[in-house]
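No value in this document is a laboratory result; all are computed from the given coordinates. Just so it is clear, the model here is predicted, and its values are computed rather than measured. Cβ: placed from backbone, ideal geometry, glycine included. Neighbour counts: every protein chain shown.
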């Protein structure tokens, strides 16, 4: 099995983490190029490596010896770099979101198909073993009918100046919601606040998604929270499950709790106005842990070798951007926006 020659474009906040994981997978990947606009960063990270060091992403994409590129640059630069990479025959892994423009996202889908390339978006939580276990339990109907999915992603920064908190954090939760439900919402609304008046960007947002089958999903995100909170709560008719990403030992908690009508609802006696709750055991199953970034890159590797469509492909990236763009419209003009 020949190694996949990789070029990494963007080595600021997330790029070094990608590089570290590629080193763990050096049996399969060879890092042939490191690219960043800051030459000090690439000189520091490239020290002792035989990789090409450059400030030009075009030089990386044009190199015939490189099979694929990993893009970890600011969101507004994604489209230009992805487009150039695909047109130069490269498979692409791009950090979320795929872009911040719906037309650009659709163009990336088209370019991927036209050039017969692999485009994968780094929606990392879809590859998290705990989220995959939660998906398995939902699909087996262990939780019963799904009523609601509630996501909380808050912390004390880091605060960005290029995108608002929704574009920064919500792609994670939207990708989880789409993965768990296996469907797209019908409409979306959002309310945001700009407490830090240095920019016009929202630093706290509440996002709500409504599905055709009655499922509701909520996403609460903020840069201005005193402690780190990363939770997904799934409420079903039979059971409820909480995924706590901060809990690295037992991230899933399963509650045998349900809510159902109490009394004779058919003939309309007084019981129809009451609901009965039931409580059972609370369990925290053991889940084999593995770094999601490593699993994500392994998936990218397999897709390249087998020429298969990634789980989080360009189309999935487009769907998330479509939801975010609709939510952005709702931030400016309050109300429900059809997807």
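Mean separation of Cα pairs under 8 Å and 6 or more residues apart, divided by the residue count, gives the chain a relative contact order of 18 percent. Modelled this way, with points 7 Å down the Cα-to-C-beta line, the labels at residue 148 and residue 37 are 4.2 nm from one another. Restricting the calculation to Cα atoms, region 44-94 yields a radius of gyration followed by a Dmax of 11.2, 32 Å.
The separation of region 280-339 from region 11-86, counted between C-alpha centres, amounts to 23 Å.
Sorted largest first, the principal axis extents computed over the alpha-carbon atoms of region 47-193 equal 52, 37, 36 Å. Solvent-free Debye calculation, one equal scatterer per alpha-carbon of region 95-163: log10 I(q)/I(0) at 0.11, 0.20, 0.24, 0.27 Å⁻¹ equals -0.50, -1.03, -1.07, -1.17. Calculation over all alpha carbon pairs of region 160-265 in 10 angstrom steps from 0 returns a P(r) of 13, 36, 33, 14, 3, 1 percent.
Stokes-Einstein diffusion coefficient for region 160-199 at 10 °C in a medium of 1.306 mPa s, Rh from the Kirkwood formula over Cα pairs: what value in µm²/s? It comes out at roughly 131 µm²/s.
For the chain, what does -39500 (n - 2.57) per DSSP helix run (n ≥ 4), summed and divided by total residues, give at 222 nm, in deg cm²/dmol to the nearest 500?
-10000 deg cm²/dmol
Computed over region 288-339, the alpha-carbon pair-distance distribution with 5 angstrom bins reads 5, 17, 16, 14, 13, 11, 10, 10, 4, 0, each value a whole percent. Helix 102-114 axis versus longest C-alpha principal axis of the chain: approximately 60°, rounded to the nearest ten. The convex hull built on the alpha-carbon positions of region 1-123 has an orientation-averaged projected area of 7.2 nm². Springs between Cα atoms under 10 Å define the GNM used for the chain, and in it the highest mean-square fluctuation of 157, 214, 280 occurs at 280.
How much of the DSSP beta bridge set in the chain is antiparallel, as a percent to the nearest 5? Could you put the intermediate results ahead of the total?
On the way: 42 of 70 bridges.
Beta bridges within the chain, antiparallel portion: roughly 60 percent.
What residue among 294, 90, 58 has the largest mean-square fluctuation in a Gaussian network model of the chain, using Cα springs under 10 Å? Highest fluctuation among the options: 58.
Once the gyration tensor of the Cα atoms in the chain is diagonalised, the equivalent ellipsoid follows with semi-axes of 39, 22, 19 Å, ordered largest first. Listed from fewest to most Cβ neighbours within 10 Å, the set 159, 149 follows the order 159, 149. Largest first and in whole Å, the equivalent-ellipsoid semi-axes of region 1-43 read 20, 11, 7, each the square root of five times a Cα gyration tensor eigenvalue.
Axis of helix 15-24 versus longest Cα principal axis of the chain: the two differ by about 80°, to the nearest ten degrees.
Against the chain, whose longest principal axis comes from its Cα atoms, helix 165-181 is set at around 60 degrees.
Taking 20 Å as the cut-off, the amide N atoms of region 226-242 that come nearer than this to a point 7 Å along the Cα-to-beta-carbon line of residue 282 belong to 229-242. Spacing of the modelled spin labels on residue 311 and residue 212, each 7 Å from Cα toward Cβ, amounts to 2.5 nm. When the chain is treated as a Gaussian network with alpha carbon springs shorter than 10 Å, the biggest mean-square fluctuation among 64, 186, 116 belongs to 64. A Förster distance of 22 Å, applied to the separation of the beta-carbon atoms of residue 256 and residue 141, puts the FRET efficiency at 0.90. For a paramagnetic label modelled on residue 113 (point 7 Å from Cα along Cα→Cβ), amide N atoms under 19 Å away belong, within region 166-188, to 184.
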